[in-house]
1. If you take every residue apart from Arg146 with its C-beta less than 12 Å away from the C-beta of Arg146, what net charge results, scoring Lys and Arg +1 and Asp and Glu -1?
2. Please determine, in degrees from 0 to 90 and to the nearest 10, the orientation of helix 190-200 with respect to the longest principal axis defined by the Cα atoms of the chain, where the helix direction is its Cα long axis.
3. First select every other residue whose beta carbon is under 15 angstrom from the beta carbon of Met218; then total the charges, Lys and Arg +1, Asp and Glu -1.
4. Tell me the relative contact order for the chain as a rounded percent, counting alpha carbon contacts under 8 Å between residues six or more apart.
5. Give, as a single signed number, the net charge of other residues whose beta carbon lies under 10 Å from the beta carbon of Pro116, with Lys and Arg counted +1 and Asp and Glu -1.
6. Please give the helix 138-164 orientation as an angle from the longest Cα principal axis of the chain, in degrees from 0 to 90, rounded to the nearest 10.
7. May I have the pair-distance distribution P(r) for the range 12-240, computed from all Cα-Cα distances with 10 Å bins from 0 and rounded to whole percent?
8. When you count, for each residue, the other Cβ atoms within 10 Å and take the mean per peptide, how do 12-22, 134-144, 182-192 rank with the highest first?
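No value in this document is a laboratory result; all are computed from the given coordinates. Since this is a predicted model, take the numbers as computed values, not measurements. Cβ coordinates were reconstructed from backbone atoms using ideal geometry, including for glycine residues, and neighbour counts include every protein chain displayed.
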Amino acid sequence: MTDTPADDPKPSFRSDITVELVKHAASDSDVLWAARVSTAGEQSLDELKKDPERSKGLINFLMRDRHGSPFEHNSMTFFISAPIFVFREFMRHRVGWSYNEESGRYRHLQPVFYVPGADRKLVQEGRPGKYVFVPGTEEQHELTVRAMEDSYRQAYEAYQEMLAAGVAREVARAVLPVGLFSSMYATCNARSLMHFLGLRTQHELAKVPSFPQREIEMVGERMEEHWARLMPLTHAAFNANGRVAP
């Protein structure tokens, strides 16, 4: 029995990532509701909307003084498509996160691979802890893309050959590189997302500098866009207080 699809898919290459907000239960009111139970007991969400300026001030106070637990009473689930090496970095974030990634044991992996775009900085200068990335030359970019695409094609041909010979998917997948695109659901709350953004994005308002790999920063930027629309007061307070998670 073989596992090679009839259409024999050919490798494709992309430099972008995708992030889709698939469901959520997240608003600034969730933060206020959780915080005010400490002093006022149970309240309705309608009551919390009567004084917008007071609500804005409370969220800023919580962020500034790092009262973090009220920011946990919400949920966002994202569907993310990115190279495997991005997910390996992603899963360094464990507190307040849940993941389910597609499995190469149970499905035939499609040949979609990452290559850096023309604007991706390629050259590292300096020593560890004090290095920067600078743009590469046109020749370096051409070499990088050509080497990656040639490697990807060879790896996927080997994968297809093994499957056609009856080798199990979970064994055959071992020849595939970390530049292969995968997909996953990632669920978090605002507090865990802020921790992620503090480490995985660079921002002019950040009090603590961060030096993320560009590809995971792209994921962070897109997640932040969705979150900012859902919880604008919380997002504004995060920026106003140096992008330090409470």
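1. Cβ neighbours under 12 Å give a net charge of -3.
2. Helix 190-200 sits roughly 50 degrees off the main axis of the chain.
3. Computed value for this residue: -3.
4. The value is 32 percent.
5. Values: positive: Arg120, Lys121, Arg214; negative: Asp119, Glu215.
Counting the neighbours of Pro116, the net charge comes to +1.
6. Tilt relative to the chain: about 70 degrees.
7. 7, 26, 28, 21, 11, 6, 1
8. 182-192, 12-22, 134-144
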